[in-house]
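**Student:** Right, I'll just put the structure down here and ask away after.
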Amino acid sequence: MRIRRNRLLAAPLFALLGIAAFASPAQASGESVGGCMAEVIHEAEEHHGKDHDVLHDEHVQDELEKCFEAPNPILPELNEIVWGGAAFLILFVLMVKKGFPAVKGAMDARAEKIRTDLDAAEQARTDAQAVQADYEERLADAKAEASRLIDEARGAADQVRTDLMARHEAEMAELRARAAADIESSRTQAIADLRAEVAGIALGAAERVVQSSLDTEVQGRLIDAYIDEVAGGNG
Amino acid sequence: MADSRVTGYADALFAVAAAEGDLAVVEDELFRFAQALRSDDQLGSTLADQGVPVSRRQQVVEDLLGGKASATTTALVSMVVGAGRTTDLPAIVDALVERSAASRNKSVATVRTAIDLTAEQRNRLASAINTRTGRDVEIRVVIDPTVLGGVVTEIGDDIIDGSVRRRLNQLRESFR
């Protein structure tokens, strides 16, 4: 801040020195060509009197020729320099006393604000980085949790599939066994029914044959044989 | 009917038949009538039908036994039917027969055959049963065509089955 202040003070001084360095004679007199010539003539008449032919005086002619020399395009007239310098000084003093503190305060405030903003931005960046880190951590945790859940779901699905297949196989085996048992039972029942049917037919035929052959004589012999068996203890 | 009531009726019938002096005949006729009731469901249901007046049922008994059985037998059967104990008559007669045989120190052997036994066969069978079981028995023959041939003897709870039916049944069982 001190360096910047010194530069502000040095700038007007360099400007004044520059103006003084490039000042020309005409400009130093503070007149135009016509004014310069009128002033030369006026001074010559006062010096030599009005009766003297000043225009043919070599000295006056030399002075007039000097009026034709090119004026300094930069160097203002003296009164302008005086007034301008005074105004500049007043303005400079006002600027130093009033403007500079205001500008300095504004710039300090601006700088403070910028610093505050930078600090806030830095804090925000830090916070953002923390949030990002937290977010990335949570994201990683979420991904890990998701991966774990997927693994668990996959494991559970595999287990369910295995259980279903085992149960299905067990049910199929039970169904096959039951079907085999039913078939065997049906076969056994069919054989038994067939055997009973055959036996019934055969016994019916045998009964009819026996009935037709059991006349009174045969009945008597059967009774006698029975009595003999009872007596013999073989009945 | 309770056993005591069957026994009571049997004792009553036994006493009446004994008092009339023709116990053996009455006993045999009652036995035959009881077998007829066992084998003829229509006869049993008619005599036991409470919707038929007692006099009508007794008239049926008179018509069936009149002239074929003794008056004592007819009167006893009519009395049991009139008392509404027709369905118990077979059990009453069995108890009567047992009671009568017991009075002679004998047991009753119920013999089922397809044809009736001759007197000689009855004596031989009674002797054979005595030889085998040691019990003196009286033979009661029941004609049962389902026996087909041979004899089935029942003495109390003992059964000596020598029928053709049993052999056919054994043959049937052997097929199973």
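No lab work stands behind these numbers, since they all come straight from the coordinates. What you see is a predicted model; the values in this text were computed from it and never measured. Ideal geometry is used to build each Cβ from the backbone, glycine not excepted, and the neighbour counts take in all protein chains shown.
**Student:** Count charges around B:F31 for me, please; just the other residues with Cβ under 12 Å from its Cβ, Lys/Arg as +1, Asp/Glu as -1.
**Tutor:** Local net charge: -3.
**Student:** Okay, moving on. With N set to the residue count of the protein assembly as shown, report its C-alpha Rg divided by 2.2 N^0.38 Å to two decimal places.
**Tutor:** With N residues counted in the protein assembly as shown, Rg over 2.2 N^0.38 Å equals 3.68.
**Student:** Then there is this: Would you list A:I41, A:I90 from fewest to most Cβ contacts within 10 Å?
**Tutor:** Arranged by neighbour count, lowest to highest, A:I41, A:I90 become A:I90, A:I41.
**Student:** Give or take rounding to whole Å, what are the principal axis extents of the alpha carbon atoms in the stretch A:95-172, in descending order?
**Tutor:** Principal extents (largest minus smallest coordinate, Cα): 107, 11, 6 Å.
**Student:** Under a plain spin-label model, where a point goes 7 Å from the Cα along Cα-to-Cβ, how far apart in nm are B:T87 and A:F88?
**Tutor:** Reported label-point gap for B:T87 and A:F88 is 15.7 nm.
**Student:** Binning at 5 angstrom from zero up to the longest distance, how are the C-alpha pair distances of the stretch A:155-230 distributed in percent?
**Tutor:** Computed distribution, short to long bins: 4, 11, 9, 8, 9, 7, 8, 6, 6, 5, 5, 4, 4, 3, 3, 3, 2, 1, 0.
**Student:** Still on this model: How well do other chains shield peptide B:154-162, expressed as the mean number of their Cβ atoms within 10 Å of each residue Cβ?
**Tutor:** 2
**Student:** Throw me the Rg/Rh for the stretch B:3-99, computed over C-alpha atoms with Kirkwood Rh, two decimals.
**Tutor:** Reported Rg/Rh (Cα atoms, Kirkwood Rh): 0.93.
**Student:** Taking +1 at the Cβ of each Lys and Arg and -1 at the Cβ of each Asp and Glu, which of B:F33, A:F68, B:L148 sits farthest along the dipole of the protein assembly as shown towards its positive end, judged by Cα position relative to the Cα centre?
**Tutor:** Value: B:F33.
**Student:** Turning to a different aspect of this structure: Once label points are set 7 Å from the Cα along Cα→Cβ at both A:A166 and B:A102, what is their separation, rounded to one decimal in nm?
**Tutor:** 7.3
**Student:** With N denoting the number of residues in chain B, provide Rg(C-alpha) divided by 2.2 N^0.38 Å, to two decimal places.
**Tutor:** 1.12
**Student:** Under 20 Å from a point placed 7 Å out from the Cα of A:A144 along the Cα-to-Cβ direction: which residues of the stretch A:117-134 have their backbone N that close?
**Tutor:** A:130-134
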